[in-house]
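J.: Quick one: this structure, given as structure tokens, is what I'll be asking you about.
The values are calculated or read from the model by the stated rules, or taken from the named source; none is laboratory data. Everything numeric here is computed off the predicted structure, so don't read it as measured data. Cβ placement follows ideal geometry from the backbone for every residue including glycine, while neighbour counts extend to all protein chains displayed. The accessibility values were calculated without ligands, DNA or RNA, using every heavy atom of the protein model including side chains. Shrake-Rupley method; radii C 1.70, N 1.55, O 1.52, S 1.80 Å.
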Amino acid sequence: MTGQSNSRVPLGLRTALVGTFTACLAFTVAGAGTTATAASTASATNSATATRAATAAGTETLPFSGATTSGLHNTYDPAAFTYLAQGLDTGTSMIELDVWDDFFTQEWKVSHDSLTSNKNNCVNASAPADLYTGGANKDLESCLDDVRVWLGAHPGHAPIVIKLEMKAGFQADLGMSPAKLDQSISAHLGNLVFKPADLLTKPDGGQYATLDDAARAGNWPTRQQLAGKVLIEVIPGTVEENNPTDSLWTDQEYAGYLRDLHSQGRTSQANIFPSVHNAQAGDPRARYSDASLRPWFVAFDGDAATYLNGSIDTSWYDTNHYLLFMTDAQNVPPALDDTNPSVADAQSRVAQLAKAHATVASNDWRGLPAVQSMVVPRG
């Protein structure tokens with residue numbers, strides 16, 4: 001990659017390391033009977049629609065950075081939803097997909113713990129009738145197709161964040177690069193994506209120099225202006241972050257790619273906002289020794305309990321109109337049930353994180369459409 005040293009591990013060693021790390025991953029889905037049925041999906045959809053109408057009153061005119069919503073962790077998990085569309089039916093404002101760079105087949109696989117196979121609830125829908133039928137375990141492009149078709153069946157729907165966790169990162173020297181991921185997104189979501197280039201564009205047609213300049217100027221569109229759109233966030237994955245031989249993580253690699261595209265006048269090719277991962281006091285971008293990367297981060301992602309433990313001034317994110325994704329909302333003291341707290345407690349927790357300046361409160365409360373469809377002012 002231009003402007004960066006690509007410190008990647010050789011193919012054979014990397015494959016062995018991926019196998020070792022993935023073997024250590026444990027995926028436990030708490031609770032029984034949570035898989036959605038067609039009947040419960042219809043009920044959830046109606047409840048989510050009613051709740052969104054009630055909670056979103058007046059929030060449509062807020063800038064995207066000025067609202068707090070709820071998001072679903074690991075929405076692709078077939079133990080949570082039989083079909084990805086059922087996760088969207090809850091009214092959630094964020095879905096999360098775990099992505100692997102299968103350099104053997106040149107595919108983006110979606111699974112919790114496998115580099116070489118898909119294990120998910122995506123069905124590669126081509127029409128609304130396909131969303132709740134057919135075989136699952138498809139690749140990332142199929143998941144994106146499901147999102148596109150679902151949005152087509154729900155015109156004017158509020159904006160949705162698609163969070164990608166790149167489990168083992170990119171492998172550009174083997175064809176699995178940021179550019180290839182962007183090509184897949186463009187081919188399957190097209191103009192539904194709110195891109196970094198869109199944030200850079202001023203109302204008068206001019207451009208801000210960096211994403212940081214644009215965000216601090218408050219250049220985010222309103223939620224109403226983003227109706228029917230998706231915003232894509234990317235974070236480094238658990239395998240990548242625990243790989244001692246990998247010194248070029250997803251956040252740095254994509255930010256450098258985005259920076260270089262902009263310098264070449266090709267910013268519009270980028271579809272993704274890279275996030276600085278893990279909660280940290282001060283400006284977390286200071287961790288990047290290459291200061292030229294820092295202004296290309298306007299999204300931050302980390303543990304909610306850490307953000308709220310009193311050591312971090314989260315108002316800094318809100319003041320600068322940065323996006324702040326708080327994960328594991330249930331673990332903020334007093335802890336709530338992982339998957340099925342009371343509606344009142346879960347709604348109170350989202351409101352608490354809104355006051356703490358979160359953009360999205362991520363959780364596993366998949367059976368609570370009244371919570372997933374919440375939209376409240378931030379701060």
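J.: Please name whichever of 343, 358, 377 sits farthest to the positive end of the charge dipole of region 323-379, dipole taken about the Cα centre and charges placed at Cβ: Lys and Arg +1, Asp and Glu -1.
T.: In region 323-379, that residue is 377.
J.: Residues with beta-carbon under 14 Å from that of residue 316, excluding residue 316: net charge, scoring Lys, Arg +1 and Asp, Glu -1? Kindly include the intermediate steps, with their values, before the conclusion.
T.: Working: positive: 216, 285, 378; negative: 212, 283, 313, 318.
In short, -1.
J.: Here's something else I'd like to know. Run the dipole for region 246-329 about the Cα centre, Lys and Arg Cβ at +1, Asp and Glu Cβ at -1, nothing else charged, and hand back the magnitude in debye, nearest 20.
T.: Result for region 246-329 is approximately 300 debye, rounded to the nearest 20.
J.: Between residue 311 and residue 351, what's the calculated FRET efficiency when r is the beta-carbon distance and R0 is 25 Å? Round to 0.05.
T.: For R0 = 25 Å, the calculated efficiency reads 0.70.
J.: With each pseudo-label sitting 7 Å past Cα toward Cβ, what's the residue 157-residue 290 distance in nm, one decimal?
T.: 3.6
J.: How high is the relative contact order of region 72-183? Use alpha-carbon pairs under 8 Å, at least six apart in sequence, and give a whole percent.
T.: 28
J.: Still on this model: Using θ = phi - 60° and the Karplus relation 6.51 cos²θ - 1.76 cosθ + 1.60, list the HN-Hα couplings for region 345-350 in order, rounded to whole Hz, with x at every Gly or Pro.
T.: 5, 5, 5, 5, 5, 4
J.: Tell me, how many Å apart are the Cα centres for region 83-97 and for region 314-369?
T.: Here the two parts' Cα centres lie 17 Å apart.
J.: Count the net charge of all other residues whose Cβ sits under 13 Å from the Cβ of residue 345, scoring Lys and Arg as +1 and Asp and Glu as -1.
T.: Its environment carries a net charge of -1.
J.: Say R0 is 22 Å: what FRET efficiency, to the nearest 0.05, do residue 127 and residue 191 get from their beta-carbon distance? Could you put the intermediate results ahead of the total?
T.: Numbers: r = 19 Å, r/R0 = 0.88.
Computed FRET efficiency for residue 127 and residue 191: 0.70.
J.: Tally Lys/Arg at +1 and Asp/Glu at -1 over every other residue whose Cβ is under 14 Å from the Cβ of residue 76; what's the total?
T.: Summing Lys/Arg as +1 and Asp/Glu as -1 gives -4.
J.: Let me cross-check residue 104: its accessible surface, 1.4 Å probe, with only protein heavy atoms counted, in Å² to the nearest 10?
T.: Probe radius 1.4 Å; accessible area of residue 104 about 120 Å².
J.: Another question, if that's okay. So if each residue of separation counts as 0.36 nm, and I subtract the Cα-Cα distance between residue 340 and residue 207, what length gain in nm does that give?
T.: On the way: separation 133, 0.36 × 133 = 47.88 nm, distance 4.52 nm.
Once the chain is fully extended between residue 340 and residue 207, it gains 43.4 nm.
J.: For region 175-280, what does the accessible surface come to per residue with a 1.4 Å probe? Please give it in Å².
T.: 35
J.: What part of the accessible area of region 93-196, given as a whole %, is carbon or sulfur when the probe is 1.4 angstrom?
T.: Working: 1630 of 3230 Å².
It is 50 percent, rounded to a whole number.
J.: Let's test the formula: R0 of 35 Å, r as the Cβ-Cβ distance of residue 116 and residue 268. What FRET efficiency results, to the nearest 0.05?
T.: Efficiency, rounded to the nearest 0.05: 0.60.
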